[in-house]
Amino acid sequence: MEFRNSDEAWAFWLTYSGQKGFEVRKRYTNRRPTDGKVTSCRFVCANEGHRWQDKRDHLTKCPRAETRTECQVFMNLKTDRKKGNLKVSELSLEHNHTLHLPETLHLMVSQRKISEVQSFEIDTADAAGIGPKAAQELASRQVGGPLNLSYTLRDRKNYLRTKRQREMAYGEAGSMLKYFQDKVAENPSFQYALQMDCEEQIANIFWADAKMIMDYAHFGDVVSFDTTFGTNKESRPFGVFVGFNHFRETVVFGAALMYDETFDSFEWLFKTFLKAHNGQHPKTFYTDQDTAMGNAAGEVFPETWHGLCTFHIMQNAIKHLHEEKNEENNEEKTAGKNGEQNEGKNEDKNEGKKQKKHEGKKKKKNEGKKIEKNEEPSILSDFSACMFEYEDMIEFEQKFDLMREKVSKQTWLDSIYKVKEKWAECYMKDVFTLGMRSTQLSESLNNDLKIHFKSDFDIIRFFKHFERVVQGKRNNELDSEFDSRKKLPKLCMRRPPPMLVQASKLYTHVIFEAFQGEFERSLAACTKALDGNNEYLVGDFTYEEEYKVTGDPLKETAVCSCRQFDRIGILCAHALKVLDLMNIKSLPPQYVLKRWTREARSGTIKDNMGRNVMENPNMAAMLSYRFVSHKFHNLAHRATNFPEAITLVDNTLDILGKQVEEIINGCTSTSGDAGIVSADASAPNPNDLLSTARLKKKEVQTKTSRRKRNWLDKKHKAMKKRQSKATSQVGEEACNDGAHVQSAHISMVCC
C-alpha cells in the first residue's frame, strides 16, 4: 500500500481506526533536513506503550485512569526511492484491549476535529450571544445528532477559550488596537481615536463605524449623550451618542470608553466626535446635569442649543425639595420642644388649660401632617407644570415665583432657575428638538447593553457585544423599512384629500400617522380673520388656547405661533387650516422635512478623508457565500439517502477542493509579489506598537446599577406593605374562624 504523502497516509489511518473503533496517534515522523520531506513515520494505537512512573503518584488524590495497555497495533511507512511515495513497510493489527462502539465515534480524541466551516459557525453563535450548551445542541440537531458533529461541548468551550486568549495576546490595550486596525482593514471608513496621558497610557477611547457615520449625516440634527457604569471590567464610564431616525427609532452615532468625567475628557471626546463626522454640528444636544459635560458641550458646540434631560431634573427635584421640607419640619419640631419646656416651668397655669392646649397641639400636628403630605406632591406637580405646560414666559415666571414661596430654602430652585432656558417649555418654542426632552434614548440603549454585558468582560468581548446590541437596533430599522414598503398607510377618510394622499407617499408610517392626526384636528378647527394681511386666530374645540397664524398664498407659507414645525418638523393643525383657507391643497415642499421621508437615506455620504462611505464593502462576498452554501447544503441533503449519489458528491468535492486551492494559491502568490514594498529598517514594527500599548488603570469601585430609591418610592413601598399586611390579617382571621368551626364540628362528632 502506497501514499503520496504523510497527510494522505494519516487520513487513511484515521478513517480505518474510526471504522474499527480505536484511537490513534503519531509515534514519530522523520524528515529530510534539506527540504523537510517526510522519509519515514510510524502510526500507532493510542493504547500503545505505558505511562511513565512518577514518584509523586502516591500524593495524587484523584489520579487519572490508566489508558495505556501496551497495544502492538501500528503502521510503519518508508519512502520508496524509485517512486518517491510513502510505502507501508510494517503493519500489525491485533489489539489487546476492547474496541469502542460505533455510537461513541464522536467521543474519540483522534476523531474530534473542528473544521474551518465549523469554527465559523462557532464564532457566529458566540457573536450572537448564544451560550455554548445551546449552540452545541443546535449544531448537533443540524447534522442529525452528536455522532455526526465531530466535536464535543468541551471542544467548543476550549476553542472559544483559546480564541479569546489569542485575541488578548498583546494585552488589553494592544488587543484593542489590533481590533480597531482589523476594523479599518475591513472598512476604511471606520473611525477611532485614542487620548494618551503624560505617561503615554491610553486614557479615553472613541470609535464609530461606517454605519454610524452614515446615520449621523442623515439624522445628526438632534443628539443625546449620556454615560453609564458597570459595562466593563474596570468600570470605565461608557458614553454613547444616539438620536432618532426617520421611523423615530434609536440610531447610534458613536461610542466612547472614558477614564473619568472631567472637562478635559469631555472636551476631547466632543472634538473627536465632530472630527469623525466631518465637523457637522448638531442643532440640539441633550445631556444630563453634569457640570463638566455641559461646559465642554458649550465650548465645543457653540452654535448648538444645549438641553438638559427632564428626567434627571425631575429626579433631582424629588430629592432636593423633599430634603428641604424635612429640614423645615425638623426646625419646627425643635422649636415646639423648646416652647413646651418653657411652658412647663410656669406653675400658674391650671390643669384644664394644659389639657386644652395639649388637645390643640395634637390637632395642629395632625393638620400639619396632612398639609405636608399634600404640599410635597403639589410642589412637584407645580414644578412639572413649569417644565412642560406653560408656553408663555410671563405665566412661567409667575407660577415659578408662587412655587418658590412654598419652600423657604431655595438653593436648588435658584440653581435650576439660572438654566431655565435649557429645560422650560416656554423657552424652547423655537428649538428643533423632534419632540425629544430627555436622554431616555441613551438610557434605553444603556439598559439594553447592561442586559447583554457582564462587568467581567474583557475589552474585546465588550466591543463585540456592543456591536451585537447596535445591530439589534439596526435590525429594527430594517423591519420598519420592510413594513413601510409592504404595507400601505391607513387613510382614515373614505375620500382623502390630495394633501393627505401626498403625505402618505412621502412620509414614513409613523410620521404620517402624526401628520394625519394634525390634519384631522385642522378639520375641526375654528378660524377668525384679523385685520392684518392673511392673519388668523385658529383654535380647536378640544383646546381652549388660540394661536396666531400668518399666511402667504404667493410663497405658500403659513407660520403659526405654536412653532410646532420649527420644533418637530411636522406642520401643526393651525397652519394646515390656514393653508386650506388659502386654497393650497398640496403640501408645500418647504414643509416636507427630508429626515422624516421615506427617502431620508438617499444620497452619497463622504467620510473625513473624502471617500464614499460604504456600510459593508464585503456584502458581495457574503451574498456569494450564502448562495453557494445553500446550494451545497441542499445537494448534500438530497444525496444523503442514495449511496451512489453521495459517493459522486464526495468525489466531486475532493476534485473541486484541489482546484479551488490551486486558484487561491495562485492568486495569493501573484498578489504577494505585486504588493512587495521596500520597508524602512528604522520604521517601528506594528507588533511592537501593539505589545507596548497600555491602558491607564482605573480604580474599580463597586457600584450598584440600580437607581437610588427616593422618598416617593419608599412611600409607595410602605403603602404596599400596609395593604399586604391588612389582607394577611383578614386572611388569618378567616382561617381562625374556619379552624374554630372545624374544631367544633370534630367535638360534636366525638360526642
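Legend: residue pairs Lys20/Lys157; Lys163/Lys696; Lys26/Lys631, Cα-Cα distance threshold 31 Å; pairs beyond threshold, Lys26/Lys631. Distance between the 7 Å Cα→Cβ label points at Glu467 and Asn295: 3.8 nm. On the beta carbon distance between Thr124 and Ser89, with R0 = 51 Å, the FRET formula returns roughly 0.65.
What is the order of Met176, Met387, fewest Cβ neighbours within 10 Å to most?
Working: Met176 27, Met387 20.
Placing the least packed residue first, the sequence is Met387, Met176.
The ranking of Asp382, Asp260, Asp226 by Cβ neighbour count inside 10 Å, starting from the fewest, reads Asp260, Asp382, Asp226.
Applying 1/(1 + (r/R0)^6) with R0 = 35 Å to the Cβ-Cβ distance of Lys555 and Cys526 gives a FRET efficiency near 0.90.
Cross-link check: pairs Lys422/Lys594; Lys271/Lys319; Lys275/Lys473 evaluated at a Cα-Cα cut-off of 29 Å; pairs beyond the cut-off: Lys271/Lys319.
In this simple spin-label approximation, His637 and Lys26 carry label points 7 Å from Cα along the Cα→Cβ vector, and these lie 3.8 nm apart.
Filter the cross-link list Lys61/Lys113; Lys490/Lys577; Lys211/Lys490; Lys37/Lys178; Lys283/Lys577; Lys211/Lys450 down to pairs whose alpha-carbon distance in this structure exceeds 26 Å. Flagged as over cut-off: Lys61/Lys113; Lys211/Lys490; Lys37/Lys178; Lys283/Lys577.
Here segment 116-167 is treated with +1 on each Lys and Arg Cβ and -1 on each Asp and Glu Cβ, and its dipole about the Cα centre works out to around 260 debye.
Would you please give the FRET efficiency between His50 and Glu103, computed as 1/(1 + (r/R0)^6) with r the Cβ-Cβ distance and R0 = 35 Å, to the nearest 0.05? The partial results should precede the final answer.
Values: r = 29 Å, r/R0 = 0.82.
Once rounded, the FRET efficiency stands at 0.75.
For Val300, Val109, which order do you get if you count the other beta carbons within 10 Å of each Cβ and list the fewest first? Provide the component values of the computation, followed by the final result.
Details: Val300 19, Val109 12.
With the fewest neighbours first, Val300, Val109 line up as Val109, Val300.
Multiply the residue separation of Cys492 and Ser235 by 0.36 nm, subtract the distance between their alpha-carbon atoms, and state the gained length in nm to one decimal.
Numbers: separation 257, 0.36 × 257 = 92.52 nm, distance 5.16 nm.
Once the chain is fully extended between Cys492 and Ser235, it gains 87.4 nm.
For segment 557-626 versus segment 126-187, the inter-centroid distance based on Cα atoms is 41 Å.
Our estimate of slack between Arg248 and Ser602, defined as 0.36 nm per intervening residue step minus the Cα-Cα distance, is 125.7 nm.
Built from the Cα atoms of segment 498-596, the convex hull projects on average onto 6.0 nm², one quarter of its surface area. Fully extending the segment from Asp448 to Glu2, taken as 0.36 nm per residue of separation minus the present Cα-Cα distance, adds 154.5 nm.
Quick note: the coordinates plus some simple rules give every number you see, no bench work behind them. As the structure is a prediction and not an experimental result, all values here were calculated from the model. Ideal geometry is used to build each Cβ from the backbone, glycine not excepted, and the neighbour counts take in all protein chains shown.
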